[in-house]
Structure formats: structure tokens, C-alpha cells
Amino acid sequence: MDMPNLYTVKDVAEYLDLSTGTIYSLVSRGEIDSIKIGRARRFTGQHVKEYVNRDRQLIIDATSPTTYVH
């Protein structure tokens, strides 16, 4: 059985160039998935990839021209 690599809040914060507080906020808002092990939060690489892809899509959507129907 392959076990996924698990990353700490600090690992993810450093990778995304965010503070650990921001990572905890993202978790509490449900914007990034995580696994709770005891009192600690852990993330898989897939959790981080999904967050980055979702965040990238939000940026693309926000910068796309808006078409209004009259």
C-alpha cells in the first residue's frame, strides 16, 4: 500500500509563500482540504494542487471580461 506524503501547515505555508495563519484561515473556510491527525493538520500533495488550481481558476475568472445581457 502506497502511503501519501503528508505536509505540515508550515511546509504548505512556505511552499505557497503564505503565513501559517493564512493556511489555518483557508482550512477553516474550507478553501483547502486537510487531514486532522490528533490536534495537528496535515496536507497531501493533492490537497495543495487542488487549492492552487482552484485559486488559479478564480484569478482567471476574475480577469476575464464580463459580458452583460441587456
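Which condition does THR44 not pass, out of (1) at pLDDT below 90; (2) open to solvent by less than 70 Å² (accessible area, probe 1.4 Å); (3) under 12 Å from the mean Cα position of the chain (by Cα), if it passes all the others?
(1)
Has segment 23-32 got at least one residue that is closer than 14 Å to PRO4 by Cα, modelled with pLDDT of 95 or more and open to solvent by less than 90 Å² (accessible area, probe 1.4 Å)?
To start, the set of residues in segment 23-32 that are closer than 14 Å to PRO4 by Cα comprises none.
Within segment 23-32, not a single residue is closer than 14 Å to PRO4 by Cα, modelled with pLDDT of 95 or more and open to solvent by less than 90 Å² (accessible area, probe 1.4 Å).
Kindly list, by first and then second residue, each pair from a residue in segment 23-39 that is without any contact (Cβ under 8 Å) to a residue 60 or more places away in the chain and over 16 Å from ALA13 (Cβ atoms) to a residue that is open to solvent by 50 Å² or more (accessible area, probe 1.4 Å) and outside any helix (DSSP H, G or I), limited to pairs with Cβ atoms under 9 Å and residues at least 6 apart or on different chains.
Correct list of pairs: ILE35/LEU6; ILE35/ARG41; ILE35/ARG42; LYS36/ARG42; ILE37/LEU6.
The values are calculated or read from the model by the stated rules, or taken from the named source; none is laboratory data. Model, not experiment: these values are computed from the prediction. Note: ideal-geometry Cβ built from the backbone for every residue, glycine included; neighbour counts use all protein chains shown. Please note that ligands, DNA and RNA were not included when accessible areas were found on the heavy atoms of the full protein model with its side chains. Shrake-Rupley method; radii C 1.70, N 1.55, O 1.52, S 1.80 Å.
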